[in-house]
Amino acid sequence: MRAVLDTETPTVVVLINGRPPAIPELAEKAPAILEGWYLGQEGGTAVAEVLFGDVNPGGKLPVSFPRSVGQLPIFYNHKPTAGRGYLFDSAKPLYPYGHGLSYTTFSYSTPTVTPTKVAVDGKATASVEVTNTGTRSGDEVVQLYLRAEVSRATRPVMELKGFSRITLGPDEHKTVTFEVGPEQLSYHGVDMKRVVEPGKYQIMVGGSSDAVKSVELEVAGQ
């Protein structure tokens, strides 16, 4: 890899692996990286179609990529007091959970939630407008995350609660909606039973766990 990149030849690195590797040098030097995981019988065809531009990739990472093995374990839905890193280095992953690029780009509006206040058994709708800001059609996986600002038992800093894959042409935009109700808001409380607790929740929408915009939802007690 180093010998090839030292020639300054335009290079696309194709990764074939079963777990997320620590590749900070590749990320710094390689112009492009295509993650293949364990490709199946038609894997070669799929890679060729992506490399030649016949298909616009739209996949997202189902795990976080670490900067080094010293970061392990690393995952997006850690508890608030976890994830402390080494001095003089970033505690963030090299590539966050849900990350993935394509041959086009997308922009997100600030999400809205209606209504802004619900009962513990109520439902709200979160909406966001996604725009293809590039020059060719592509797929985007819009991701919905949630965080409870206060809870009786500790909860992760964010939890994936929904996603929607959409296809947009150049300059095309679409409003994506998600339902936010007891199924999304509940968790296993102190007695290990699922419960929706009153309080404020951050509803986050974006293209990855590290690229989200948020809106507040208040859940009122009965």
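Out of 196, 215, 157, 150, one residue alone is more than 22 Å from the chain's Cα centre (by Cα) and modelled with pLDDT of 95 or more. It is 196. Does residue 54 satisfy being modelled with pLDDT under 95, of a type in the set (D, E, K, R) and out of contact with any Pro (no Cβ under 9 Å at 6 or more places or on another chain)? No: the conditions fail for residue 54. A single entry from 138, 181 fulfils the requirement of being under 22 Å from the mean Cα position of the chain (by Cα), surrounded by 19 or more Cβ atoms within 10 Å (Cβ to Cβ) and modelled with pLDDT of 95 or more: 138.
Within the stretch 58-102, the set of residues being over 15 Å from the mean Cα position of the chain (by Cα) and either farther than 23 Å from residue 25 by Cα or among the hydrophobic types (A, V, I, L, M, F, W, C) (or both) comprises 69, 72, 79, 80, 81, 82, 87, 88, 91.
Filtering the stretch 13-30 to residues that are exposed (fewer than 11 other Cβ atoms within 10 Å of the Cβ) and in a loop (DSSP other than H, G, I, E, B) leaves 18, 19. Close contacts from the stretch 77-89, counting a first residue that is within 20 Å of residue 62 (Cα to Cα) and a second that is surrounded by 10 or more Cβ atoms within 10 Å (Cβ to Cβ) and of a type in the set (D, E, K, R), with Cβ to Cβ under 7 Å and a gap of 6+ residues or different chains, come to 77/159.
The values are calculated or read from the model by the stated rules, or taken from the named source; none is laboratory data. Owing to the predicted nature of the structure, the values given are computational and were not obtained by experimental measurement. Note that each Cβ is placed from the backbone with ideal geometry, even for glycine, and that neighbours are counted across all protein chains shown.
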